[in-house]
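Input: a single structure, listed below in structure tokens.
Each value in this text was obtained by applying a stated rule to the coordinates, not by laboratory testing. Source: prediction; values computed, not measured. Cβ placement follows ideal geometry from the backbone for every residue including glycine, while neighbour counts extend to all protein chains displayed.
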Amino acid sequence: MVITPLLSGNVARNCHPLGCQRLIEQQLQQLATIGPIATPKRVLILGGSSGLGLAARLVCAFGGGATTYSLAVERPPRDGQPGSAGYYQQQHVTRLARERGLGAWDYLGDLFAADTLTTVCNQLRATLGQIDLVIYSVASGRRETNGQLWQSVLKPVAAPIEGLSLRLQPLGVEAQHIEPASAAEVNATIKVMGGEPWQQWLEALLAADLLAPGARTLAFSYIGPNWTAPIYRHGTIGIAKEHLHASANQLNERLAATIGGSAHAVVCQALITKASVFIPLLSSYLAALHAVLEESEGDEGPLGQMVRLFRDRLGSQVITDEDRLIRLDDKELAREVQQAVAIRLAGLNPDNAEERLQLERFRADFLQLFGFGIDGVDYQQPLPAELLLADANR
């Protein structure tokens, strides 16, 4: 089987398994040039198959020599068709870590399901034992609890908004008008994207005596500039993130009182991920930011963000702002960067979008998340048959 990219709007419908594996290997080569990084030694990543969760696992395992366990919701191969990009990335990291003598496990399951939590706790007890660090890196659009299905929405809250959103296929920008969310939609988004599931996982790990003395937990978040505030900071997703930040403070008190541990939310830079390009109106800002940072060689990507997190923000004393947030968005929010982004977005229209947002490059960088356009991969060669077979959870 020869695979070519299949895009529908801003959604990638397939991936290239060998390209996904090669992308991991490129990141490990990048890590090797940085050298050892001090990290906790037994790490559980909830959502470790892509984006920041995957990058955190790479830094902890291959930069810090940690034993890691990654849980994710991914699609395995089926009926002769490849699985999702995260499926191959999670398994390849586990395989490479074991080849280097590092403890590594992964599991595919619904992070919100009670039976998944029970299964993972049992496996942790048999593998890692007590955990030193729990990372919560979950980007989901839906959550089911006790038979109730919660569906998140990406909408403003106070008033309707309109603007231009990036469209990857066909490539360009398009006008969008978005009505405000209802109270029920706001509540559902908090249920899915807020801090309640994070708290439930930590309470379960505490009850199972699976958190080591002094254990930490981190959850990834975003705030953004004034430009994106109507859809993000003051929208449904921003309200959910505020709930996540409040949960960090509650968890911090709980862990400090029980095991001398801590909890923090980590505010990251806007990054090209499977989820971020789907957020209306934010996508055009993201493309402009990406173009500005690439020109100045300041675009860290998820791996660079995680290197800076463990190398510069964590340690005997965690570096936070006045709201106890660990900030990794300083480069994005720098005045000169925001001024350059504003110039690109001012007067943006379908005719000048390619020049201002560098759309072709943005789409190419997005497709790399799914294993396409990776150096060293022959895309004309059929896939090996074993990549179309699912491995059991291990």
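Values computed for the structure shown
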{"item": "Environment charge at residue 280 (Cβ cut-off 13 Å; Lys +1, Arg +1, Asp -1, Glu -1)", "result": "-1"}
{"item": "Summed side-chain charge close to residue 307 - residues other than residue 307 whose Cβ falls under 14 Å, Lys, Arg +1, Asp, Glu -1", "result": "+2"}
{"item": "Sequence-separation-based contact order of the chain, relative, with Cα cut under 8 Å and 6+ spacing, percent", "result": "22 percent"}
{"item": "Region 111-216: relative contact order in percent, alpha carbon pairs under 8 Å with at least 6 residues between", "result": "35 percent"}
{"item": "The chain - mean residue ellipticity at 222 nm from DSSP helices (-39,500 (n - 2.57) per run, n ≥ 4, rounded to 500)", "result": "-12000 deg cm²/dmol"}
{"item": "Local electrostatic count, residue 43, Cβ distance below 11 Å [Lys/Arg +1, Asp/Glu -1]", "result": "+3"}
{"item": "Among 34, 259, 237, residue whose mean-square fluctuation peaks in a GNM of the chain (springs only between Cα atoms under 10 Å)", "result": "34"}
{"item": "Proxy reagent accessibility, fewest Cβ within 10 Å first, across 121, 15, 20", "result": "121, 15, 20"}
{"item": "Average silhouette area of the chain, convex hull of alpha-carbon atoms, in square nanometres", "result": "19.1 nm²"}
{"item": "Whole-Hz couplings from phi, Karplus 6.51/-1.76/1.60, listed for region 354-366; x for Gly and Pro", "result": "4, 5, 6, 9, 6, 5, 4, 5, 4, 5, 4, 5, 5"}
{"item": "Long-range tail of P(r) for region 36-119 (Cα pairs > 20 Å, %)", "result": "32 percent"}
{"item": "Among 127, 228, 258: highest mean-square fluctuation, GNM of the chain, C-alpha pairs under 10 Å", "result": "258"}
